[in-house]
Ligand SMILES: [Zn+2]
């Protein structure tokens, strides 16, 4: 209740009027610039292009996720009834009981998996995957200047041995280093005066540092993080554009996560795991039943999670696709916006909007949908890899030539259609997340 009522209490930190004022001013600004709404203004430079496309995505996902979410909620309710006797699950009960249910259904946790994910081997797995897909190689080099001794530098070459990029990997926490994981380019790719200037690409993570007696062992979440950031890095490394401002990862916001989220898929494939997921003491390859458990548990509560993301996406669009300035309270406005996505009894002391910093303070206004949009693209893309083989050369070259190397040189929908022969559909994601049958 305390968390849900942040910036929505009767004190000087209440955000209701700020939220309303921001939405109003954004709407007026869009009108002055000739757009019907803030969402129309923002989406002009997005792959989705217009609000109707965003609503179509959210509606399609909700249609399939809601029935599954209701079954999941029932299961959690039953567990709670068994443990404590009948009483309705409130939003503040959910995390506790869902964690219990997860442990009951999947006897799997980080400690069981970590011995199979030694950092050096995982990096090698990412490199081998890139080599098998695109023919590129990574060679560790020691003669390149770097900003800290922990940073590892690699020379990246194409299949003909031609220099592609310098790749910097900065994996361990230290005092003063920011949390989280990200990819960045110290210098981009461009072609000028007949010269192809190659990029300097870096990924930064915060994995547990090895000790004298134990190597750095990653959780499965960290393995997918490494592959994710490596996917962004490949977008930079394989760039083959003309203008730096349209090269590499300089693409529309709702397109930039395709290469990164796509790479995560290989972490769930036995064919890929066999290349690198070996026990750090016994060298045993990760057992197939563990791989299956990883896959099964990945879809735990996917109905609930999808409904939640759709609710937040709708709320964002409601605030930014206004037809007139709202006159009702923030609570009422929100109730209308998320109608049909609520899975808990109402709690009138709380709102999402008053603390929805993504859209009111960060850069995600009329953009929250892009999390799901990127998942749709990534699943639709990986479906082709699954159909043809996850290391299929023709599919990999097709992806490289039409998407990975092209940056923002064409509208992403055009690039995507050249790659896939069609617009992306939600079907592959719905199957992948277990919301519909294949
Ligand atoms: Zn990312």
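What follows is calculated from the coordinates using simple rules that are stated; it is not laboratory data. The structure presented is a predicted model; accordingly, all values stated were derived computationally and were not measured.
Couple of notes before you dig in:
- Remark: the chain projects, on average over all directions, an area of 24.8 nm² (convex hull of Cα atoms).
- Length-normalised contact order for the stretch 113-266 - Cα pairs under 8 Å, 6+ apart - percent: 21
- The stretch 165-180-the stretch 398-416 distance, computed between alpha-carbon centres (Å): 29
- Projected onto their three principal axes, the Cα atoms of the stretch 203-262 cover extents of 48, 20, 14 Å, largest first.
- Gyration tensor verdict on the stretch 243-317 (Cα atoms; rounded if a/c is under 1.5, prolate if a/b is larger than b/c, oblate otherwise): oblate
- Cα-based helix-to-principal-axis angle, 370-388 vs the chain, degrees rounded to 10: 50
- Relative contact order of the chain, pairs being alpha-carbon contacts under 8 Å that are 6 or more residues apart, as %: 23
- Selected from 265, 299, 84 as most flexible by GNM, with the chain as the system and alpha-carbon contacts under 10 Å: 84
- Judged by the gyration tensor of its Cα atoms, with axes a ≥ b ≥ c, the stretch 304-355 is oblate; a/c meets the 1.5 cut and b/c is at least as large as a/b.
- Prolate/oblate/rounded label for the stretch 287-438 (Cα gyration tensor, a/c 1.5): oblate
- The C-alpha radius of gyration of the stretch 29-165, expressed as a fraction of 2.2 N^0.38 Å, stands at 1.78.
- DSSP beta bridges in the chain [antiparallel fraction, %, rounded to 5]: 80
- The chain: angle of helix 302-320 to the longest principal axis, Cα-based, in degrees nearest 10: 70
- Folded to 0 to 90 degrees: helix 119-134 orientation relative to the chain principal axis, Cα: 80
- Within the listed set 11, 196, 283, the residue fluctuating most in the Gaussian network model of the chain (springs between alpha-carbon atoms under 10 angstrom) is 11.
- Taking the chain as a Gaussian network of alpha-carbon nodes connected by springs under 10 Å, the highest mean-square fluctuation of the residues 18, 190, 206 belongs to 18.
- Equivalent-ellipsoid semi-axes of the stretch 206-343, from the Cα gyration tensor, Å, largest first: 39, 24, 14
- Percent of alpha-carbon pairs separated by more than 13 Å within the stretch 1-70: 75
- Applying the Kirkwood pairwise sum to the alpha-carbon positions of the stretch 344-422 produces a hydrodynamic radius of 15.4 angstrom.
- Principal axis dimensions, the stretch 113-266 - Cα atoms, whole angstrom, descending: 52, 35, 33
- Given their separation in residues at 0.36 nm each and the Cα-Cα distance between them, residue 285 and residue 96 gain 64.7 nm when the chain is fully extended.
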